[in-house]
Amino acid sequence: YAQFLVIYREGSIRDTVGFWKRYSDFEELAHKVMQAHEGCVAALANLSPLAVAEEPETEQLPNAITSWRLLQKRKRWYRCLDAGYLSLKIFLLERFLHDILFESSSPRLLREFVEGNAESD
């Protein structure tokens, strides 16, 4: 199976860490993003235009969701370790992470993604 190097830095250059992630780790992250999006859509659908309510705590990340769906469309149904295919997959995974980074108001989601690996090492 393929593993993908994720380099994460929050703060100074000394705080830079790198972790090898499997595709299944990215799927778990995408599930969290999609689950938060579905929760927001359901909550907004039940609101009255005149209702006063607090904003939901979960963030909507539409570009990250679009990037993930694009990756899913390009996914092969069999294990493929071809260099060209892996290069495209790396690009799309990087785009997915960048969209999360730029759309999020805090690093919490990406921090949990990286720290999840640190606990299992």
Conditions (1) open to solvent by 20 Å² or more (accessible area, probe 1.4 Å); (2) within 22 Å of G18 (Cβ to Cβ); number of the one not met by S67: (1)
Only listed residue being assigned to a helix (DSSP H, G or I) and at pLDDT below 95, chosen from L97, L86, L47: L86
Residue within region 112-121 that is open to solvent by 40 Å² or more (accessible area, probe 1.4 Å), modelled with pLDDT under 95 and either in a loop (DSSP other than H, G, I, E, B) or within 15 Å of A30 (Cα to Cα) (or both) present: yes
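The values are calculated or read from the model by the stated rules, or taken from the named source; none is laboratory data. Quick caveat: nothing in here was measured; it's all calculated off a predicted structure. Note that we place each Cβ from the backbone using ideal geometry, even for glycine, and neighbour counts take in every protein chain shown. The area values use the complete protein model at the heavy-atom level, side chains included, leaving out ligands, DNA and RNA. Shrake-Rupley method; radii C 1.70, N 1.55, O 1.52, S 1.80 Å.
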